[in-house]
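K.L.:
Next up is a structure, given as structure tokens.
The values are calculated or read from the model by the stated rules, or taken from the named source; none is laboratory data. The structure presented is a predicted model; accordingly, all values stated were derived computationally and were not measured. Backbone-built Cβ (ideal geometry, glycine too); neighbour counts: all protein chains shown.
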Amino acid sequence: MRSEANESRGRAPLSLRLATLGVILFLHVPMAIIFLYAFTTDDATFSFPPPGLTFDWFGVAVHRPDVWQALLLSLRVALIATLAALVLGTLAATAVYRSKFFGREAISFLLLLPLALPGIVSGIALRSAIGMADFPFGFWTIVIGHATFCIVVVYNNVLARYRRTGRSQVEASMDLGADPLQTFRYVILPAIGTALLAGGMLAFALSFDEIVVTTFTAGHEETLPIWMFSQLTKPRQRPVTNVVAVFVIVLTAIPIFLANRLTQGGSE
Amino acid sequence: MTGSDDKSGRRGPLLVLPAAAYLMIFFVLPLIIVLVISFVERGRAGGVRSPLAPTIQYYIRLVDPLYVGIFFKSARIALLVTGVCVLLGYPLAVFIGRSPPRLRSPLLMLVMIPFWTNFLVRTYAMKQLLGAEGGINGLLLWLGLIHSPLSLIFNEFSVVLGLVYGYFPFAVLPMYASIEKFDLTLMEAASDLGANLRRAFLQVMLPLTFPGVLAAIVLVFVPVVGAFITPDIMGGGKVEMIGTLINRQFGVARNWPFGSAMSLALMVMVVAGVLYYLRSSEEKERPI
């Protein structure tokens, strides 16, 4: 139905198609260059065209312990921050959806604030607070910072889902004698499952990506973005940075591709 | 419509406590500490002097033309970047929104992949494109069009380009969400009723898709006005923005109180902007 209506409108004007092509190229040409120079044989300067192509840098990258440390730290931080956000965000969304209480609007605003303020503000704030508390900077301080802005992502996704599904199923379950735990396990959880997945994925990606707040909370630890940032000033083995970048791009593209395939099967 | 009172209603609000407590401790409290720090004298090696000595000197210093200038420059760069992102993103969102479903999801994926790709990877990519021996210079040298590399990087232009590249997907996706919901037959109705394309766009399509445009503006402006990673990488220390300035106060300059005062000024600026946005978007969504 929809596609018929769309096709009847004919093709987009030439100017619109050219603009689209231009923007898509703008988005992807720099990434293509990253790919190209992951294979160059020149390890210090990137001249065009590359003097030769090689797979060697992939081997070098695999054997660099600093790459692995940064990657594992980023994954661990993102995992813990996402788990914290899933629990705190879901609880908050449930409260806000199910009951009216004084300050409900303020709570929504409070949850949104870490995402609505520039990262540098929350970054220096956390740095000052942690410094004053004399708590050692490292893994846990990174996680604490990341969780502040991950909560709202889960909260928004779950709240939107609650509003779409309504509460009649929950009421039916309670009327039929299920206790709150059973209702949660068999009615609520299946209903919000995909919202949790979507919110969790977004939270994970936000954490994996974060560099601004992390700069101020990491101490001497290096997450992957911080590792990359430090590599920009070091000319040694430059293609290794590109290899890691390629790895990150591919790692990112696969779940999007899969999610896309999965949702295409469903309605809309 | 949302959440009616019922038996569970009385205990329900308690569920919000963990998240609220978490944010009070790890977000609001640190901001209060920053507020306090901005009003006391600095310590020699960073931090603040003990015992605390109250002062408003850092706020007075803030209105120095040098710093006011950097605030204006950051706002100008952020507005420019936001404008470019919206102007480039809107047509792209329209194109994706009106393409047949079969083409739509691959196109969306082409936008989503850069969106989800690590921000630093993207900034690094832009740096390689513009650098002295980078993509554009390399290509032009190779083609023989130029004989020495153009200085494309480490200036305001490269910072703007890097920021546009970094935040562009944040502009496209909310606008796409609005445009996808927009019924294109309304444009036909407008033209049947005698409006030309320009008028139909300005009076029908733009107002109805404006919430998406506003969301795009906020999502780009807020991080860009406080950016410091991109100006650092793409500006090579030559382009000063609020973010780089604040970062320096907590790094080499060791002037936490001044950095705190600047952060609060930035925060007030951004919160004022976001509240303005929320108010105007609420008005838009009101029926009639």
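K.L.:
Among the candidates A:LEU262, A:LEU232, which residue alone is modelled with pLDDT under 85 and at the interface with another protein chain (Cβ under 9 Å from one of its Cβ atoms)?
P.N.:
A:LEU232
K.L.:
Pairs please, first residue from region B:240-256 and within 11 Å of chain A (Cβ to nearest Cβ), second anywhere and in a loop (DSSP other than H, G, I, E, B) and aliphatic (A, V, I, L, M), Cβ atoms under 8 Å, 6+ apart in sequence or on different chains.
P.N.:
Listed pairs, sorted by first residue: B:MET241/B:ALA227; B:GLY243/B:ALA227.
K.L.:
Still on this model: Quick one: A:GLU210 ticks every box in (1) within 10 Å of chain B (Cβ to nearest Cβ); (2) out of contact with any helix residue (DSSP H, G or I) (no Cβ under 8 Å at 6 or more places or on another chain); (3) acidic (Asp, Glu) except a single one, so which number is it?
P.N.:
With respect to (1) within 10 Å of chain B (Cβ to nearest Cβ); (2) out of contact with any helix residue (DSSP H, G or I) (no Cβ under 8 Å at 6 or more places or on another chain); (3) acidic (Asp, Glu), A:GLU210 is out only on (2).
K.L.:
Further question on the same structure: Taking region B:95-104, which residues are out of contact with any Phe, Trp or Tyr (no Cβ under 7 Å at 6 or more places or on another chain) and surrounded by fewer than 23 Cβ atoms within 10 Å (Cβ to Cβ)?
P.N.:
Those that are out of contact with any Phe, Trp or Tyr (no Cβ under 7 Å at 6 or more places or on another chain) and surrounded by fewer than 23 Cβ atoms within 10 Å (Cβ to Cβ): B:ARG98, B:SER99, B:PRO100, B:PRO101, B:ARG102, B:LEU103, B:ARG104.
K.L.:
What number goes with the only condition from (1) within 11 Å of another protein chain (Cβ to nearest Cβ); (2) under 26 Å from A:ILE211 (Cα atoms); (3) free of Cβ contacts under 8 Å to residues at least 12 places away in the same chain that A:PHE102 does not pass?
P.N.:
Of everything listed in (1) within 11 Å of another protein chain (Cβ to nearest Cβ); (2) under 26 Å from A:ILE211 (Cα atoms); (3) free of Cβ contacts under 8 Å to residues at least 12 places away in the same chain, A:PHE102 misses just condition (2).
K.L.:
Tell me, please, whether a residue that is surrounded by 15 or more Cβ atoms within 10 Å (Cβ to Cβ), more than 25 Å from the chain's Cα centre (by Cα) and at the interface with another protein chain (Cβ under 9 Å from one of its Cβ atoms) can be found in region B:105-114.
P.N.:
Within region B:105-114, one or more residues are surrounded by 15 or more Cβ atoms within 10 Å (Cβ to Cβ), more than 25 Å from the chain's Cα centre (by Cα) and at the interface with another protein chain (Cβ under 9 Å from one of its Cβ atoms).
K.L.:
Then there is this: Within region B:128-150, work out how many residues are more than 7 Å from chain A (Cβ to nearest Cβ) and touching a residue at least 12 places away in the same chain (Cβ under 8 Å).
P.N.:
The number of residues fulfilling the criteria is 7.
Here's the yes/no breakdown for (1) under 30 Å from A:PRO180 (Cα atoms); (2) more than 12 Å from chain A (Cβ to nearest Cβ); (3) at pLDDT below 95:
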site	(1), (2), (3)
B:THR2	yes, no, yes
B:SER8	yes, no, yes
B:GLY12	yes, no, yes
B:LEU31	no, no, no
B:PRO51	no, yes, yes
B:ARG61	no, yes, yes
B:VAL84	no, no, no
B:LEU88	no, no, yes
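K.L.:
So in region B:129-161, with the set limited to residues that are of a type in the set (S, T, N, Q) and more than 23 Å from the chain's Cα centre (by Cα), which one is farthest from B:MET175 (Cα to Cα)?
P.N.:
My answer is B:SER148.
K.L.:
Any residue at all in region B:71-87 that's over 21 Å from A:ALA253 (Cβ atoms), of a type in the set (A, V, I, L, M) and over 27 Å from the mean Cα position of the chain (by Cα)?
P.N.:
no
K.L.:
Here are the criteria: (1) under 30 Å from B:VAL222 (Cβ atoms); (2) crowded, with 16+ Cβ neighbours inside 10 Å. Tell me which single one B:MET187 does not satisfy.
P.N.:
If we test B:MET187 against (1) under 30 Å from B:VAL222 (Cβ atoms); (2) crowded, with 16+ Cβ neighbours inside 10 Å, just (1) comes out false.
K.L.:
To continue, here is another question. Mind checking which residues of region B:201-233 are in a helix (DSSP H, G or I) and not aliphatic (A, V, I, L, M)?
P.N.:
B:PHE201, B:GLN203, B:PRO207, B:THR209, B:PHE210, B:PRO211, B:GLY212, B:PHE221, B:PRO223, B:THR230, B:PRO231, B:ASP232
K.L.:
Determine whether region B:153-161 contains at least one residue that is within 20 Å of A:ALA245 (Cβ to Cβ) and more than 11 Å from chain A (Cβ to nearest Cβ).
P.N.:
Checking region B:153-161: at least one residue is within 20 Å of A:ALA245 (Cβ to Cβ) and more than 11 Å from chain A (Cβ to nearest Cβ).
K.L.:
How many residues are touching a Ser or Thr at 6+ places or on another chain (Cβ under 9 Å), within 15 Å of B:MET267 (Cβ to Cβ) and not in a helix (DSSP H, G or I) if we restrict to region A:111-153?
P.N.:
Of the residues in that region, 1 qualify.
K.L.:
Here is a further query. For region A:1-93, please list each of the helices (runs of 4 or more DSSP H) lying entirely inside it that holds at least 1 residues being modelled with pLDDT of 90 or more and within 25 Å of the chain's Cα centre (by Cα).
P.N.:
Output list reads A:14-37.
K.L.:
Same structure, new question: Can you work out which of the residues in region A:109-139 that are of a type in the set (Gly, Ala, Ser) and touching a helix residue (DSSP H, G or I) at 6+ places or on another chain (Cβ under 7 Å) is nearest to B:PHE228 (Cα to Cα)?
P.N.:
A:GLY119
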